[in-house]
Each structure stands twice: as structure tokens, then as C-alpha cells.
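Remarks on the structure that follows.
The values are calculated or read from the model by the stated rules, or taken from the named source; none is laboratory data. All figures in this text were calculated on a predicted structure; none of them were measured in a lab. Cβ coordinates were reconstructed from backbone atoms using ideal geometry, including for glycine residues, and neighbour counts include every protein chain displayed.
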Amino acid sequence: MLPQARPQKLVVLTGAGMSAESGIETFRGAGGLWEGHRVEDVATPEAWSRNPDMVLRFYNERRRKLLAVEPNPGHRILAKWEKRMDVQIITQNVDDLHERAGSQRVLHLHGELMKSRSCGPKEHVMTMSDWEMKRTDRCPDGYPLRPHIVWFGESVPFMVHAFPIVEQADCVIVIGTSLQVYPAAQLAFEAGPGVPVILIDPNAEELAVPGARLLSMTASEGLEALDAHWFGA
Ligand code: APR
């Protein structure tokens, strides 16, 4: 049963499934492979020091794909809601589809694909204008650049901001994440006592979040259903 009242302080946790309908493969949906490599073997500091060209190729290809796709109806509904209620998105996704749909309040836990970061002491973060990052690229201080992504084995600095946001929500929606990657997955269990948690995922039955209301459907279908329920669209 969905909560009747429209939330006042909504937090939406999104994962790769949120962007699946835009044509971006999920991690575990595609068997988690890239060029035969496990994503976990490409997206690490060790891979970066061992074979930076391979890592740059991996992220350049993902950027090229990202620039070729558009936000889906689910992204657009969340952006529309932001104009009508207090909505904060916390995403594991590194794509910019929430922002391209018009969402302003988006916290990226695992970094951003369209940004680069300096390997120098100041760790400058810069927005990229195109898909390609090259070994010869330099930051303003002359240091090489790396993708602005949180790799496996690296700490997730924005978790400290994410916990209080979830704890203060009066409704939490979890969309398109298999809840297998920690610490991000922990957020799905941090809603306050009695706060409704809604899971939107075609495989929602398989995700064990105690007391959650399940919408076993795609991101767009689930958000369209909630939009009709709360706004009578
Ligand atoms: N709508 C909603 N959910 C969907 C859809 C869809 N159209 N298609 C697939 N899903 C669901 C799948 O059922 C699965 O539960 O999305 C989830 C995707 O899970 P993962 O591929 O594991 O992605 P995610 O949970 O975001 O991965 C977490 O792992 O590889 C790392 O850093 C990477 O941020 C990523 C993290």
C-alpha cells in the first residue's frame, strides 16, 4: 500500500537501473563485463597504476555512450517533482541524466563521468566539454588528470552528507539498485522509524529491505504510478 499523503521531504536513492531505460547498461545486468574485463578490475586504483590507457579507454567509451543518450521519463518526473516538493536525489550513478532532466539537488556518491580530477595535491575537479580524456591532459598546476570516479577500494567521501539527509526524510524511494555495493547500499536501511520506504525495481522481490513497499516495475513505470497517486496526473 503506497503512502497516501504527498511527502514533504522526499529522498530518492538511485542506481544503474534508473538509467537503464535511457540505454545505459546496468552493472550486474550485463554480467558486469567490459571487453571481457570484470568492471571491478578496470575501476580500481591498481588498474589505473598498472594500465592507465585501458582505464582511460573504458571511461572514454562510457562518456561517448552517455553523450548519445537522453534522460528517460523517470528522470523527468523526479525533476518535475523538485518544483513541487522538497526532493533530494542521492545517486550511485556517475551519469549526468538527472541533471540533464532538470534536477538540481543531486548528490553523486560514486563520482561524475563528465568531470576529471587532478592527480596533484589540490585535486582540482573540472567539468569536461567532450568525451575524451587523454594521458597528456593536465590540470592548471600541471598534474595529470584521472576520471572523477570513486573506484572500488576507495573511500566514499560524500557518505557523511548522505546519512543525515536520509535520516531526516519523511519518505524514501529506492530505484534501480541491487543494493550490493557498500557503503552506499546502507542508506536504504537508514530511514527513520515509521518512514515509508518504496522500492522500484523489476526485481524488487529479491531485494531484502524490511517493511519496504515494493513496486516490481521499471523506474519510469514506478514513478509514473507514484506521480498519478500523489499528483493525480
Ligand atoms: N528500472 C528500474 N530498475 C532496473 C531497471 C529499470 N528499467 N533495469 C534493471 N533494474 C535494476 C536491476 O534489477 C538491479 O536491481 O537495477 C539494478 C541494477 O543493479 P546494479 O547493476 O548492481 O547497479 P547498482 O546497484 O547501481 O551498482 C552499484 O556498483 O559497479 C558499481 O559503482 C558502480 O554505482 C555502481 C555500484
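Things worth noting here:
- Within segment 65-106, the set of residues being under 22 Å from Thr44 (Cα atoms) and either more than 13 Å from the ligand (Cβ to nearest atom) or among the aromatic types (Phe, Trp, Tyr) (or both) comprises Lys65, Leu66, Asp96.
- The residues in segment 150-205 that are away from the ligand (no atom under 13 Å from the Cβ), among the polar types (S, T, N, Q) and within 30 Å of Cys119 (Cα to Cα) can be counted, and the count is 1.
- Enumeration of residues in segment 115-152 that are closer than 17 Å to Leu67 by Cα and in a loop (DSSP other than H, G, I, E, B): Met128, Ser129, Asp130, Trp131, Glu132, Met133
- Top-ranked residue in segment 206-226 [being assigned to a helix (DSSP H, G or I) and buried (at least 18 other Cβ atoms within 10 Å of the Cβ); ranked as nearest to the ligand (Cβ to nearest atom)]: Ala219
- Tally, over segment 172-191, of residues that are surrounded by fewer than 19 Cβ atoms within 10 Å (Cβ to Cβ) and either modelled with pLDDT of 95 or more or within 18 Å of Glu21 (Cα to Cα) (or both): 7
- Looking only at segment 67-93, residues that are among the charged types (D, E, K, R), in contact (Cβ under 8 Å) with a residue 12 or more places away in the chain and assigned to a loop (DSSP other than H, G, I, E, B) come to 2 in all.
- Residues of segment 164-190 classified as of a type in the set (A, V, I, L, M, F, W, C) and more than 15 Å from Val87 (Cα to Cα), total: 7
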